[in-house]
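The values are calculated or read from the model by the stated rules, or taken from the named source; none is laboratory data. Treat the numbers as computed from the prediction; the structure is a model and nothing was measured. Cβ: placed from backbone, ideal geometry, glycine included. Neighbour counts: every protein chain shown. Surface areas here come from the heavy atoms of the whole protein model, side chains and all, with no ligands, DNA or RNA. Shrake-Rupley method; radii C 1.70, N 1.55, O 1.52, S 1.80 Å.
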Amino acid sequence: MSVTLKINGETRTLDADPESPLLWALRDELGMTGTKFGCGIAACGACTVHWDGVAIRSCQTLVGDLDGAEITTIEGINTKAAEAVQTAWNELDVPQCGYCQSGQIMAATALLAETPKPTDEDIDAAMDGNVCRCATYARIRKAIHLASDKMEG
């Protein structure tokens, strides 16, 4: 089955099994390895991408459900929120091992696009399910607040 998607602003046609998860189409068919495989059951957030601006888990999103969708991956995120998040991540040395970071950044960027001045509760709710095995959660929260401040000024 052919599925046409707009991925990072570029129209791409995939000849993929409609039951195949988007994660594997991105990684195996398109060579976009920034989106990570973590658990395969949408419980860790390592595979987070944006579907029409909304953060989703690509390991459980089927290619066949996406015809015509606009998908943004870590390789293509270039919004004001993404720039602020990436800058804050670097300034506060958020990553340790780095494995979860693409998913964390995608989730944080979606949050700030929707809620530019999030509370701790907003951050906790938006980031729930994004697992960091290095437990940098306090730095992640602090970086999201810093990114929010950067977006204002």
Matching residues, segment 1-19, being part of a loop (DSSP other than H, G, I, E, B), open to solvent by 80 Å² or more (accessible area, probe 1.4 Å) and not acidic (Asp, Glu): Met1
Residue in segment 33-49 that is closer than 16 Å to Leu5 by Cβ, touching a residue at least 40 places away in the same chain (Cβ under 8 Å), out of contact with any Ser or Thr (no Cβ under 7 Å at 6 or more places or on another chain) and not in a strand (DSSP E or B) present: no
Test result for Tyr137, of a type in the set (Phe, Trp, Tyr), in contact (Cβ under 8 Å) with a residue 12 or more places away in the chain, out of contact with any His (no Cβ under 9 Å at 6 or more places or on another chain) and open to solvent by 60 Å² or more (accessible area, probe 1.4 Å): no
Whichever residue in segment 69-97 is among the acidic types (Asp, Glu) and over 30 Å from Pro18 (Cα atoms) and, among such residues, is most open to solvent (accessible area, probe 1.4 Å): Glu83
Boolean, Ala108 is within 19 Å of His145 (Cβ to Cβ) and either at pLDDT 95 or above or of a type in the set (Val, Ile, Thr) (or both): yes
From the options Gly153, Gly64, Gly103, residue that is open to solvent by 80 Å² or more (accessible area, probe 1.4 Å) and of a type outside the set (Asp, Glu): Gly153
Pair list, Cβ under 8 Å, 6 or more apart: segment 111-126 residue open to solvent by 70 Å² or more (accessible area, probe 1.4 Å), other residue outside any helix (DSSP H, G or I) and not aliphatic (A, V, I, L, M): Ala113/Gly53; Ala113/Thr79
Unique match (being touching a His at 6+ places or on another chain (Cβ under 7 Å) and among the polar types (S, T, N, Q)) among Thr87, Thr72, Thr109: Thr72
Search result, residues across segment 85-112 that are in a helix (DSSP H, G or I) and of a type in the set (S, T, N, Q): Gln86, Thr87, Asn90, Gln101, Ser102, Gln104, Thr109
Of residues in segment 20-41 being among the small types (Gly, Ala, Ser) and within 15 Å of Asp65 (Cα to Cα), the one least open to solvent (accessible area, probe 1.4 Å): Ala25
Residues of segment 43-61 that turn out to be closer than 20 Å to Gly98 by Cα and surrounded by 18 or more Cβ atoms within 10 Å (Cβ to Cβ), as a count: 12
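Does Ala25 fit the bill of being at pLDDT 95 or above and in contact with a strand residue (DSSP E or B) (Cβ under 6 Å, 6 or more places away or on another chain)?
yes
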Looking only at segment 52-80, and only at residues there that are β-branched (Val, Ile, Thr), over 10 Å from the mean Cα position of the chain (by Cα) and in a loop (DSSP other than H, G, I, E, B), the one that is farthest from Asn130 (Cα to Cα): Thr79
